[in-house]
Amino acid sequence: MNKYDVLKKYYGYQDFREGQEVLIDSILRRQDVLGIMPTGAGKSICYQLPALLLPGVTLVISPLISLMKDQVQALNQAGIHAAYINSSLSEAQISKALRLAASGRYKIIYAAPERLETYEFLQFAQQARISMVTVDEAHCISQWGQDFRPSYLKIVQFIGKLRERPVISAFTATATEKVKEDIICVLGLQTPRVLVTGFDRKNLYFAVETPRHKEKYVMDYIQEHVTESGIIYCATRKNVDKLYDKLYQEGVAAAKYHAGLSGEERKRNQEDFIYDNRPVMIATNAFGMGIDKSNVRYVIHYNMPQSMENYYQEAGRAGRDGERSECILLYSPQDVMINRFLIENKEQNSGYTQEENAAVREKDEERLRAMTYYCMTTGCLREYILRYFDENGAEYCGNCSNCNSEFEEEDVTEAAEKIIACIREVRQRYGINVIAGMLAGEDRAKLREYGVMMYSSYGSLKGKSETEIKQIIRHLLTERLLITTEDKYALLQVTDLADEITDGTRRVILKQVKRTVEKKETYDNRQKGNSSKARKSDILNSRGLELFEQLRQLRTKIAGEEGLPPYLIFSDKTLVDMCIKVPVSKEEMLRVSGVGENKYKQYGERFMGVIMEYTGGIHEKFFFGEMIDFGEDTTVERMVNGKRKRASGVKRSEFLLTEEQAERFPYADRYLLTELAEKLNELRDAEHVKKISGAEIFRRLRDEECVSELFQDGMWKKVISEKGLENGFFMDLRISKKGTEYEDLYCDRKAQKKILNMVCRDL
Ligand code: ADP
Ligand code: ZN
């Protein structure tokens, strides 16, 4: 198998994403690599895929226990043998896993860095053939980074103890130049291939809003996105509790998370969120590390965070699956106060000198300022973010709230001149409140106390309100014509740039939102290869959305049966692709992005069943825009063997068998309905007769009152009636591929006969 086969077979993808192939090729040539890619870029495949092609086993070192479990589950789902070894397992489980590992059972093993120095693990590692060591979250090795972990330093010693030096691959989403050098140096990477892909996340829509009532905004938003999963970040525990209570009262299925809850409660709430039992999470920034939920469709910041670093990391938890998702920041000037307070009251690092602590504080203030400017800029938000992280973005991205707004321009150069003159006149000794009040000619006790009435600038902008003046001042701050002192007084200062205004070489233009332009991210974008920019509702028409919803429900049901998070069954992106391609055969299903062989084997039939039932096998267009494959005919009959055949007017009939065909039915002691449907379909005349699905048989049995469905413990369960029992239907345990047991409906020979009677014309 080559790398393309592996990508298709196990992951169900047709093409590599930016950067993936380069890294994979290097690894396969046994060259060390360092991949620096943003969240959701697809780092996992960069080491998992070569792991499958390399002879021995690959050891993945990761600090996040919850993430390991998720990754291993996902690999097992894809049909790849993998295991994890960390402190969440018992000693006995670890021994067993290592025994299996030694016998060559796994291609990929995840381990926490602490594990490397245990005797048992080392024993295994020294005997096994380890082809590659992958260091995930590699920035943890750097003392310069925020998340330094001393245990990461042990990786190098560990590698030194192996029989043969494996190829080393390292990955991270966050790396400054310093951290990057550290990783290469400390890990001892040998002439590594270093790849840095851009930080831009094209599928994320960025917005800053200033709603009058944040609570109402959030309520409305959730109501408009009921079927979607999202995270709402608040600055404080108190805010989390308050918003949670409010949403709870309104009947929203939300969970909450902050450091004030017990460990158990946090764990439960987190799982409820991951498993989509409660799709909305309200949390402080304590939530999110190690959360790999790929179908988070929105991240709302109820309060402005303390830095762009925090913001981008938290907002970045949206849309890991590459589907369009929204990152909305709800700004109010009060947020700046809250954050300033938090910074001022931050615990000082006792290991630092006073100067060092002051430097830290200064840095914090600077970060907060940059964050505040993000909320006030009228330029492209994406460009702002990228520039902050030292990258160049286009000035217009067309996918953020500023690019989607029309602004009214106002020339405020004269007012700016007066503001600058005023600040100079008072010798830069006041903050924004005093300056604005002074210019507006206010008569407040505080102003009188400062004696600002004596200055000639007093009242020089009398025609304007304080709010308007402040807005201009904020604009001058974002343009760096003014700055504030770094202390808590934030006194306004004039920079050299301001001279450009006073000598008349620069105009100051204030942009105000006139209206928000309808987001026009439609099929046009998909054709330009920008599908990730469009939302589901821009791609799929109303029938398509309905089909999506049915597929989503099936996914939830299967997730319940298998005890897995829904997004590990199929991602949202995969479900959307199903609605576009409407697959009704194995071949077609395998063309859907995200459906590999193993996933097909496990779930393909069930999803096709839903599609068959919804479409009746007739190809209908479920998306906007042009049909590409199918010509102009909208009623294209589809052949189940994968060939499409245009048969205008001729429709295949509902499922039916002739007596002759029915005679060939292979009776057995027991069949599940899906198995039975499969046998029946093999017998039919595929040219003229549509397939039948297990679900369809179930429905017919329900109409005959042999069976019914009951909603219990959060899922639908099948129930057999008296009549059903008499006819030979029975419930028995079934073991899912994941090893979880659940009950399912079986039919014995008598029941099989009954079903044949139902579907056979002559019997
Ligand atoms: P990261 O670790 O960089 O945050 P992941 O490895 O979790 O990102 O990948 C993010 C998502 O992108 C996953 O759902 C993954 O299946 C998907 N993905 C990765 N590579 C591809 C690809 N070549 N084509 C389509 N989807 C991909
Ligand atoms: Zn933009």
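The values are calculated or read from the model by the stated rules, or taken from the named source; none is laboratory data. Everything quoted here is computed from the prediction, not taken from an experiment. Cβ atoms come from the backbone with ideal geometry, glycine included; neighbour counts cover every protein chain shown.
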Open item on the list: Among the listed residues MET289, MET219, identify the single one that is surrounded by fewer than 21 Cβ atoms within 10 Å (Cβ to Cβ), within 16 Å of ligand 1 (Cβ to nearest atom) and among the aliphatic types (A, V, I, L, M).
Closed with: MET289
Task: Cβ pairs under 7 Å, 6+ apart, first in the range 44-57 and surrounded by fewer than 24 Cβ atoms within 10 Å (Cβ to Cβ), second outside any loop (DSSP other than H, G, I, E, B) and of a type in the set (Phe, Trp, Tyr) - done: ILE45/TYR11
Open item on the list: Here's a check for you: in the range 386-433, which residue that is within 30 Å of LEU204 (Cβ to Cβ) and part of a helix (DSSP H, G or I) is farthest from ligand 2 (Cβ to nearest atom)?
Closed with: TYR388
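Is one or more of the residues making up the range 143-165 within 16 Å of ligand 1 (Cβ to nearest atom), buried (at least 16 other Cβ atoms within 10 Å of the Cβ) and either small (Gly, Ala, Ser) or assigned to a strand (DSSP E or B) (or both)?
The initial filter retains those residues of the range 143-165 that are within 16 Å of ligand 1 (Cβ to nearest atom), namely 147.
Now drop any that are not buried (at least 16 other Cβ atoms within 10 Å of the Cβ), which leaves none.
For the range 143-165, residues within 16 Å of ligand 1 (Cβ to nearest atom), buried (at least 16 other Cβ atoms within 10 Å of the Cβ) and either small (Gly, Ala, Ser) or assigned to a strand (DSSP E or B) (or both): absent.
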- [ ] Can you give me the number of residues within the range 179-213 that are of a type in the set (Lys, Arg) and either surrounded by fewer than 14 Cβ atoms within 10 Å (Cβ to Cβ) or modelled with pLDDT of 95 or more (or both)?
- [x] 2
Open item on the list: I'm trying to understand the selection: among the residues of the range 483-500, which are surrounded by 19 or more Cβ atoms within 10 Å (Cβ to Cβ) and more than 21 Å from ILE343 (Cβ to Cβ)?
Closed with: VAL494, ALA498
Open item on the list: Looking at the range 327-335, can you tell me whether even one residue there is in a loop (DSSP other than H, G, I, E, B), closer than 25 Å to SER401 by Cβ and more than 16 Å from ligand 1 (Cβ to nearest atom)?
Closed with: yes
Task: Single condition ILE108 does not satisfy, out of (1) under 24 Å from PHE199 (Cβ atoms); (2) in contact (Cβ under 8 Å) with a residue 40 or more places away in the chain - done: (1)
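If you take the residues of the range 23-43 that are assigned to a helix (DSSP H, G or I) and at pLDDT 95 or above, which of them is farthest from ligand 2 (Cβ to nearest atom)? Working first, answer last.
First, the residues of the range 23-43 that are assigned to a helix (DSSP H, G or I): 23-28, 43.
So of that shortlist, the ones also at pLDDT 95 or above come out as 23-28.
Working: LEU23: 29, ILE24: 32, ASP25: 34, SER26: 34, ILE27: 36, LEU28: 38 Å.
Top of the filtered list is LEU28.
Whether any residue in the range 4-14 is under 18 Å from VAL167 (Cβ atoms) and either of a type outside the set (Lys, Arg) or more than 10 Å from ligand 1 (Cβ to nearest atom) (or both) is what I want to check. Break it down into steps so the answer makes sense when it comes.
To start, the set of residues in the range 4-14 that are under 18 Å from VAL167 (Cβ atoms) comprises 6.
Adding the requirement that they be either of a type outside the set (Lys, Arg) or more than 10 Å from ligand 1 (Cβ to nearest atom) (or both) leaves 6.
Yes.
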TODO: Evaluate the range 366-385: report whether one residue or more is surrounded by 16 or more Cβ atoms within 10 Å (Cβ to Cβ), among the charged types (D, E, K, R) and more than 16 Å from ligand 2 (Cβ to nearest atom).
DONE: yes
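From the list ASN2, ASN76, which residue is buried (at least 18 other Cβ atoms within 10 Å of the Cβ) and over 28 Å from GLU177 (Cα atoms)? Step through it out loud before you land on a result.
Details: ASN2 fails: buried (at least 18 other Cβ atoms within 10 Å of the Cβ).
None of the other options fit; the residue is ASN76.
Within the range 389-412, restricting attention to residues that are among the aromatic types (Phe, Trp, Tyr) and at pLDDT 80 or above, which residue is nearest to ligand 1 (Cβ to nearest atom)?
Going residue by residue through the range 389-412, those that are among the aromatic types (Phe, Trp, Tyr) are 389, 396, 407.
Still in the list and also at pLDDT 80 or above: 389, 396.
Working: PHE389: 16, TYR396: 27 Å.
Filtering the range 389-412 for residues that are among the aromatic types (Phe, Trp, Tyr) and at pLDDT 80 or above, the one nearest to ligand 1 (Cβ to nearest atom) comes out as PHE389.
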TODO: Within the range 664-685, identify whether any single residue is surrounded by fewer than 13 Cβ atoms within 10 Å (Cβ to Cβ), of a type in the set (Ser, Thr, Tyr) and at pLDDT below 85, and answer yes or no.
DONE: no
